[in-house]
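Throughout, read-outs are computed from the coordinates displayed, never taken from laboratory work. Since this is a predicted model, take the numbers as computed values, not measurements. Cβ sites come from the backbone with ideal geometry, for glycine too, and all protein chains shown count toward neighbours.
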Amino acid sequence: MDTPSLEPGLYIVATPIGNLGDLTRRAVEVLSACAVIACEDTRVTGKLLNHIGIKRPMRRYDDHASDEAREKLLAEMCEKPVALVSDAGTPLISDPGYKLVRTARDRGIPVTSLPGPSALVTALTLAGLPTDRFMFAGFLPSKDKARGDALAGLAAVPVTLVFYETGPRLVDSLEAMARIMPGREVAVARELTKLHEECRTGTAEELAAHYTAHPPRGEIVLLAGPPPAPGAPDEADVDTELRAALAEMPPSQAAGKVAKALGLDRKTLYARAMELK
């Protein structure tokens with residue numbers, strides 16, 4: 001493969017989340033052409049570079065990287081191409097890097113992002129939950145109260161929720177979901193793209209029981225479908241609302257008020273209001 005020449009700048013490169021065959025041809029070309037590779041763990045990235053048969057200088061860059069380390073990378077990318085990778089998947093998705101990208105953009109340094117593997121997107125496509133609207137919320141807190149507060153704050157959001165989770169904390173998170181988000185369809189996607197890939201769906205209670213009996217290993221994506229739609233009010237509740245409204249206004253206005261409040265058909269409610277009147 002001919003190695004292309006690259007202009008100086010920052011190149012964000014997605015790497016496999018398990019199956020090394022998912023590394024794109026373009027990613028290989030860019031990693032081969034970059035003068036420096038910034039990574040979370042040089043051992044992990046070193047194995048990937050060995051797999052594709054290249055050697056490049058690596059700079060450790062993670063959540064604990066100093067301002068000095070970031071400035072050194074910024075200075076290098078002004079003169080030569082610098083790649084940014086995470087241990088697995090797309091950089092900046094629950095990984096360090098946004099400060100580096102933001103500063104590079106502020107200083108007019110070219111930034112190029114190469115699409116590729118992402119556990120978030122892979123799990124969404126496997127789970128069979130609604131994907132027209134979803135929210136990625138990263139890792140849930142490890143402490144019980146903080147976890148519960150985080151879930152409570154998201155419980156009413158009418159979208160599919162996506163979290164990253166660890167094996168030792170999965171059951172605790174599922175049990176918290178069962179308490180705070182009852183009635184939602186839940187999915188656990190585990191070991192994505194690897195030999196023992198699994199995507200299991202059910203209620204939070206069912207999945208908590210399963211993983212209590214079968215402690216999970218590997219990288220995990222936890223998903224919760226949108227909250228169930230509220231059930232239609234029964235006839236007795238509708239009549240109660242109509243009678244209260246009829247005590248203050250004529251049937252047409254009463255029907256309009258109750259229809260708006262309960263999300264029901266105005267003409268049907270008007271007919272019922274006339275019967276009650």
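Kirkwood Rh, Cα Rg: Rg to Rh for the chain? Please list the in-between numbers first.
Working: Rg = 26.2 Å, Rh = 22.3 Å.
That ratio equals 1.18.
For helix 204-213, what angle does its Cα long axis make with the longest principal axis of the chain, in degrees from 0 to 90 and rounded to 10?
50
Which residues make up the longest stretch of the chain clear of GluC sites (Glu not before Pro) that lie in a DSSP loop with no more than 14 other Cβ atoms within 10 Å, not counting the sites? It would help to have the intermediate numbers written out before the result.
Numbers: sites that count: GLU79, GLU248.
Here the longest segment lacking exposed loop sites spans 80-247.
Report the relative contact order of the chain, percent, no decimals, based on alpha-carbon pairs under 8 angstrom and at least 6 residues apart.
On the way: 471 pairs, mean separation 45.1, N = 277.
Taking the mean separation of contacting Cα pairs over the length of the chain, I get 16 percent.
What ³J(HN,Hα) values, in whole Hz, does the Karplus curve 6.51 cos²θ - 1.76 cosθ + 1.60 give for the range 160-174 when θ = phi - 60°, with x put for Gly and Pro?
Values per residue, Gly and Pro as x: 6, 9, 10, 10, 9, 9, 10, x, x, 9, 4, 4, 4, 5, 5 Hz.
Given charges of +1 on the Cβ of Lys and Arg and -1 on the Cβ of Asp and Glu, with all other atoms neutral, how large is the dipole of the chain about its Cα centre, in debye to the nearest 20? Show your work: numbers first, answer last.
On the way: 33 positive and 37 negative charges, 99 e Å.
It works out to roughly 480 debye.
Does anyone have the angle between helix 42-52 and the longest principal axis of the chain? Alpha-carbon axes, 0 to 90°, nearest 10?
80
Which of these, THR42, THR90, THR160, has the largest mean-square fluctuation under a Gaussian network model of the chain (Cα springs below 10 Å)?
In the Gaussian network model the winner is THR42.
Checking the cross-link filter: which lysines have an alpha carbon closer than 30 Å to that of LYS194, excluding same-chain neighbours under 8 positions apart?
Cross-link targets: LYS47, LYS55, LYS143.
Mind listing the long-range amide H neighbours of ALA14? Cut-off is under 5 Å, sequence gap 5 or more, other chains count too, H placed in the peptide plane at 1.01 Å from N.
The list, which skips near neighbours in sequence, is LEU114.
Given the range 120-224, what whole percent of its Cα pairs are spread farther than 18 Å?
Working: 2215 of 5460 pairs.
Looking at the range 120-224, the distances longer than 18 Å represent 41 percent of pairs.
What is the Cα radius of gyration of the range 235-276 over 2.2 N^0.38 Å, N being its residue count? Before the final figure, lay out each step's value.
Values: Rg = 8.4 Å, N = 42, 2.2 N^0.38 = 9.1 Å.
Against the empirical 2.2 N^0.38 Å value, I get 0.92 for the range 235-276.
Which far-off residues, 5 or more places away or on another chain, put their amide H under 5 Å from the one on MET58, with H placed in the peptide plane?
For MET58, the qualifying residues are ILE37.
Nearest 5 is fine: what % of DSSP beta bridges in the chain come out antiparallel, could you say?
Details: 16 of 34 bridges.
Around 45 percent antiparallel, to the nearest 5.
Work from the charge dipole of the chain (Cβ charges, +1 for Lys and Arg, -1 for Asp and Glu, about the Cα centre) and give the residue of VAL221, SER173, CYS199 farthest towards its positive end.
Working it through, the farthest residue towards the positive pole turns out to be VAL221.
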